[in-house]
Amino acid sequence: MDISPVSFGNWAKRRRRMLDLTQKELAQRAGCSVAALQKIERDERRPSRQLAERLADFLEVPPDQRALLLRVARRERMAEALPSIPQPAAPPLKESTPKHSRSEIPIPPTPLVGREVELAEIARLLHDPQCRLLTLRGAGGIGKTRLALEAARRLQGDMPQGAYFVSLVGISAPEFIVPTIADALGFGMSGSIVQMSQLLNYLKEKQTLIVLDNFEHLLDGAELLSEILQHAPGIKLLVTSRELLHLQAEWMLEVHGLFVPQNAWINELEASSSAMLFLQRAQQARVGFTLTDVERSALLRICQLVQGMPLAIELAAAWVRTLSCRQIADEIEQGLGFLAATARDVPERHRSITAVFDQSWKLLATEEQRVLRQLSIFRGSFTRRAAKRVAGASLPLLSALVDKSLVQYNDIYGGRFELHELIRQYAAVRLEEAVAEEQATRERHSRYYLTLLVEQEPALRSRQQKETLSRLIADIDNLRMAWDFAISGEVVDLLRQAAGPLYYFYELLQYFREAESSYKRAADMLRTRLANCKEQKDPELEVALGDMLNYQAFFNLRPGNNREALALFQTSMELLSPLHETYALTFALVHAGVVHWAMGNFDEASLALSKSLSMSSTLTHHPWLRAFAVGFLGAVTHDMGGYADGYRLLSEAMTICRDMEDPYFILLIGSYFTRSAQAQGHIDEAHKVLREGLQIARENGNRWSIGLALERLGTFMQTAGNNNEAALQYLEESLKLLREVGDRWSLSWVLNAMGQLSLANRDETKAEQYAMEAIKVANEAGNHPSELNALVTLSTIRAQQKLNAPALEMALYVLQHPSSTQEAKDRAVRLRLELEARLTPYEVKIAQTRIQSDPNMVTSTFSFNTSMPA
């Protein structure tokens, strides 16, 4: 394909490459420095007439084209007049969609104007195996995002898993980069390992192009990209940023403005990409708009004043409804000249486009200015209702700002508005100038979003859970900012109201680390407030602190930090007990009971859960808390051998969950209910609930929930003994998911199940591998019941290997340990009877004596470097 040049420099560079000349070779022949030639090729300087003639000689320009070349070189004619040059050898740009995966590249509302040269260069670089990180660097508003979108759209067919677009505009800190990437990829975060490890595990075998848009404010997190490239060899990254990332793997392509002609000749001006963009947007703003001869020179001035910057051109074109091109150019010229000459204190990112925003600002009505200022408080997109409540923006005012290209409307996400980030920054500076107004706006923003969370809690705990969660996720950056402002502003009543709904929002997202950090900040603030109260107690602050400690403890419990969680729950209960705060005390008791259960402290777990169950009877507005109390008490009772009582309690919990119609609770409590149902012989009932749970998990797309449902269903099929092949399929899928998620508690369960299934299939090697890993994982998490269950499997393997004495010691160890579940004990009893029949009474006595004298001696017996639970 031949490509027409858009500048003399670009034409010269392509001609040089076609003749297989390096910059050094051409510079030596033409008698100039390499640096001078580089600037000419980048169109940063014009060659003198003498140098242009020498370049024409060595670029082998035909005699009949030399005069034209000299005029183009001196910018007296457009480069489009020069003959086309064949495109350099590079893989063609494919516009097919990927066959192996969905692609997540947003579709812009208007076609891209120009940029064919840049697109070809991006394609050439990204097809180079050495280039895996390409940064599009340029000033704000230069069109980096739009260029990256088009490049990704054209290249997505070349990647087996397509291409994905990740907007980083609303991200306030590097710690949010990983969950934002994961969300764009459709990959849910959860579990106990760090989010970066989960993302690397997910990407390591993928072959896809990821576009990371607006990275300049997150440079402290740039090293994350190096880790992705190191661990995921099939990933290519296309980054847009105003600054280089300064990474060893980085390749950089400078993005300049659209081509601007030097004169207003009809055949050149209207064919230039900058003028084409203006005309396209002007015709959208005013149907029937045409460029007259009088206006042609004014359009040229506009394009030159904004230096071909696409965003500035679009904003300027929007004013053709009320201003002529000459008036637009006059207004821009006044502001642009001033900023370029004397405005030293203007941030660098504003210097090239603030003039456009200044002129747009001056032409706004006073009320429009106020609304735009206050809309800058939002992070990311926002709804019409939010704009009304926070900024007092009526529909006519919003529509007026949309018409003037200062606010964007997107109906793809259910009708949301958004400010371009540069406009938001400009308006935010205006808001900062009005200190009292800014403070009031921040207060309204915080109260609106935290109140929204409170209002949405009933729907979040209902059959509308999936849709409600999706809506709230769209506002997650605003919710984060609202919570942080409430902490910094010490708005205790608002924090207390929102703490519970925020906890469930984070639980459904499974953002454990972020949630723990959020509640810790709130708790630290409240501790400071209480310390400043000196001798006078403040019950309101103490209750609020108890709430924050509860939720901080919960998000330590979820990834398996049991000791930290228990300490926080105990501190909370000591604080809350004198205050008779039933809800917060019940919450702490329920989850302290869960911690004890996880650690194998069954008596303590049963006591805490029984107390919480009694207290929950008064909390009629919080049925889920009673479901938790009765459900987990049933699960503990089951593990202690009370199968009938466990089934009764869990049946009651399931009834509460179904009355609430909360899918997540039905799945979670159902996973424990099916164990008791199966133990009581209710096979069909258990199977039905398991199938329902898996369907719920898949519909919601929660990876941890899917893994849990698959593990329970696989275990059911295996213990039922009627379909080991189906059990293996379920468990293998569960194991893969839970390894990626990193939840060690759940992972130890599925490893246990895989070990027992391998034993049933007479594969001792795999059974031992799974059992050993289950012991290791459970030990790290402090999940002693699962650790002991795996030890029974290992003991069975040793028995099959005729290592009878070591096998008996392991079985005896499980039987004497208080953290062993009844199921583990039943398996160990059967094994003990079998082994005692094989061994002499003396050998049995020796094994019993060894365990009684040194219970931990068993660790050396099966040669595993870990400490068994004491």
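The values are calculated or read from the model by the stated rules, or taken from the named source; none is laboratory data. None of these values were measured; they are calculated from a predicted model. Methodologically, a virtual Cβ is constructed for each residue, glycine included, from the backbone with ideal geometry; neighbour enumeration extends over all protein chains shown. In case anyone asks, the SASA skips ligands and DNA or RNA and just uses the protein heavy atoms, side chains included. Shrake-Rupley method; radii C 1.70, N 1.55, O 1.52, S 1.80 Å.
Structure notes:
- Extension gain, His580 back to Leu363 (0.36 nm per residue minus Cα-Cα distance, nm): 72.2 nm
- Using the Cβ-Cβ distance between Ser614 and Gln230 with R0 set to 56 Å, the FRET efficiency works out to roughly 0.55.
- For region 414-476, the list of trypsin sites (Lys or Arg not before Pro) that fall in a loop by DSSP and count at most 14 other C-beta atoms within 10 angstrom reads Arg463.
- Label zone at Ala434 (point 7 Å along Cα-to-Cβ), backbone N below 14 Å, region 373-396: 373-377, 390-394
- The distance between label points at Ala459 and Glu692 comes to 2.5 nm (points 7 Å beyond Cα on the Cα→Cβ vector).
- Between helix 562-576 and the chain: long-axis angle, C-alpha atoms, 0 to 90°, nearest 10: 80
- His622 accessible area, 1.4 Å probe, all protein chains in place, Å² to nearest 10: 60
- Rg/Rh ratio calculated on Cα atoms of region 636-687 (Kirkwood radius): 0.97
- For the set Lys144/Lys520; Lys688/Lys736; Lys144/Lys466; Lys204/Lys802, the pairs lying more than 30 angstrom apart at their alpha carbons are Lys144/Lys520; Lys144/Lys466; Lys204/Lys802.
- Labels on offer are (i) 0.94; (ii) 1.05; (iii) 1.07, and the one holding Rg/Rh (Cα atoms, Kirkwood Rh) computed from this structure is (iii).
- Between Thr292 and Glu53, the FRET efficiency estimated from the beta carbon spacing at R0 = 41 angstrom works out to 0.60.
- Accessible surface of the chain, 1.4 Å probe: 50 percent of it comes from carbon and sulfur atoms.
- Positive-end residue of Val166, Ala182, Ser197, charge dipole of region 132-236 with Cβ unit charges: Val166
- If you take the Cα centroid of region 543-591 and the Cα centroid of region 598-637, the two points sit 14 Å apart.
- Selected from Ala605, Val689, Gln38, residue furthest toward positive end of dipole (the chain; charges at beta carbon): Gln38
- Total charge dipole magnitude, region 681-771, about the Cα centre, Cβ charges on Lys, Arg, Asp, Glu only, Debye to nearest 20: 160
- Full extension of the chain segment joining Glu843 with Arg124 gains 251.4 nm, where the gain is 0.36 nm per residue of separation less the Cα-Cα distance.
- A helix-only calculation puts the chain at -20500 deg cm²/dmol for mean residue ellipticity at 222 nm, using -39500 (n - 2.57) for each DSSP H run of at least four residues, averaged over all residues.
- Only Lys, Arg (+1) and Asp, Glu (-1) charged, at Cβ; the chain dipole about Cα centre in debye: 1720
- Accessible surface, per residue, of region 450-507 when the full set of protein chains is kept, probe 1.4 Å, Å²: 35
- GluC sites (Glu not before Pro), loop per DSSP, at most 16 other Cβ atoms within 10 Å - longest free stretch of the chain: 271-489
- Prolate/oblate/rounded label for region 145-222 (Cα gyration tensor, a/c 1.5): oblate
- Rounded to the nearest 10 degrees, the inclination of helix 724-741 to the longest alpha-carbon principal axis of the chain is 60 degrees.
- Working from label points 7 Å from Cα in the Cα-to-Cβ sense, the Lys736 to Val402 distance is 4.4 nm.
- Modelled FRET efficiency - R0 45 Å, Gln262 with Arg385, Cβ distances, 0.05 increments: 0.35
- Residue (of Leu398, Leu576, Thr674) at the positive-pole extreme of the chain, dipole from beta-carbon charges: Leu398
- For Lys362, a cut-off of 15 angstrom between C-alpha atoms picks up these aspartates and glutamates, skipping any fewer than 8 places away in its own chain: Asp330, Glu331, Glu333.
- Helix 476-488 vs. the chain, principal-axis angle (Cα, 0 to 90°, nearest 10): 80
- Accessible area expressed per residue, region 607-730, with surrounding protein chains retained (probe 1.4 Å, Å²): 39
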